[in-house]
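Participant: Here it is, the structure, as structure tokens.
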Amino acid sequence: MKMLLLKILSLAMVSNLLWAADENVIEKQLQEIGAIPNEEVVVVQRKFTRKNWRHEFSPVGFGGVPFGTYRRTLLGSASYTLHANDWLGLELFDFSYNKNFFSSFLSDINDNSSGTKIFLDYQKLIYFMTAGVQLTPFYGKVSTFSRWLAYVEPYFSLGLGVAKTETNSYLAGYPGLGLRVFFTEWFSMRLEFRDYIYNEKKRDGNNELRNNYAMTLALSFWLPKMPR
């Protein structure tokens, strides 16, 4: 009986010692957490902002159509999008003015060739004016060096409009893929890739499908500044 009591007392003492040690560890951890400055504590929200019936104005955008052997195109753009909710946006207006440059590829060939000269039937682009929809299926966060958080959302776009060249106007459509980055609830940036497609009439009377792969970077302002 005495042996049993001694064993019970021993177990009780060991348990108390372990509990006290655990308590000391917890207290030390709480002290360390309390010593961290507030500015070093980053709170990760479930969602940064809401877009329900908010207006996105993108008055400043720059980009170009870089993928071409004979022609380079720089563009400046402006757009307005009404967001019905967090996943559906109605881009009611998008205007892109284009400045074209022809490369020296053909002139180099023609200047150094004694054969038949090569002449292009390219029409210089003047502008695109379109309207479309944006679909945002999901959103996320990107952490930089475990300190700065960027709230991002990829989206898909689809639209129709007009492509104006130096000789004609054409019905144009585009699919697109973009990425929006929020800096504040009322200021963001978006990077978008689009393929403007239209059926161009050449000078010889034939038609040719034109693909214009455009990359743009735009800054956006939101109204109202705070979501409802």
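Participant: Just one of (1) surrounded by 14 or more Cβ atoms within 10 Å (Cβ to Cβ); (2) touching an Asp or Glu at 6+ places or on another chain (Cβ under 8 Å) trips up Glu153, so point out which.
Facilitator: Failing condition for Glu153: (2).
Participant: Which of the residues that make up region 200-226 are among the aliphatic types (A, V, I, L, M) and modelled with pLDDT of 90 or more? Break it down into steps so the answer makes sense when it comes.
Facilitator: To start, the set of residues in region 200-226 that are among the aliphatic types (A, V, I, L, M) comprises 209, 214-215, 217-219, 223, 226.
Selection gives Leu209, Ala214, Met215, Leu217, Ala218, Leu219, Leu223.
Participant: Another question about this same structure. Give me the residue from region 147-167 that is among the hydrophobic types (A, V, I, L, M, F, W, C) and under 20 Å from Glu192 (Cβ atoms) and, out of that set, nearest to the chain's Cα centre (by Cα).
Facilitator: Within region 147-167, the subset among the hydrophobic types (A, V, I, L, M, F, W, C) is 148-150, 152, 156, 158, 160, 162-163.
This time we only want the ones that are under 20 Å from Glu192 (Cβ atoms), so: 150, 152, 156, 158, 160, 162-163.
Details: Ala150: 11, Val152: 7, Phe156: 10, Leu158: 15, Leu160: 21, Val162: 24, Ala163: 24 Å.
Filtering region 147-167 for residues that are among the hydrophobic types (A, V, I, L, M, F, W, C) and under 20 Å from Glu192 (Cβ atoms), the one nearest to the chain's Cα centre (by Cα) comes out as Val152.
Participant: Considering only region 193-228, state which residues are among the polar types (S, T, N, Q) and either touching a Phe, Trp or Tyr at 6+ places or on another chain (Cβ under 6 Å) or closer than 28 Å to Lys47 by Cβ (or both).
Facilitator: We begin by selecting, within region 193-228, every residue among the polar types (S, T, N, Q); these are 199, 206-207, 211-212, 216, 220.
Selection gives Asn212, Thr216, Ser220.
The values are calculated or read from the model by the stated rules, or taken from the named source; none is laboratory data. All values reported here derive from a predicted model rather than from experimental measurement. Virtual Cβ from ideal backbone geometry, glycine too; neighbours counted across all protein chains shown.
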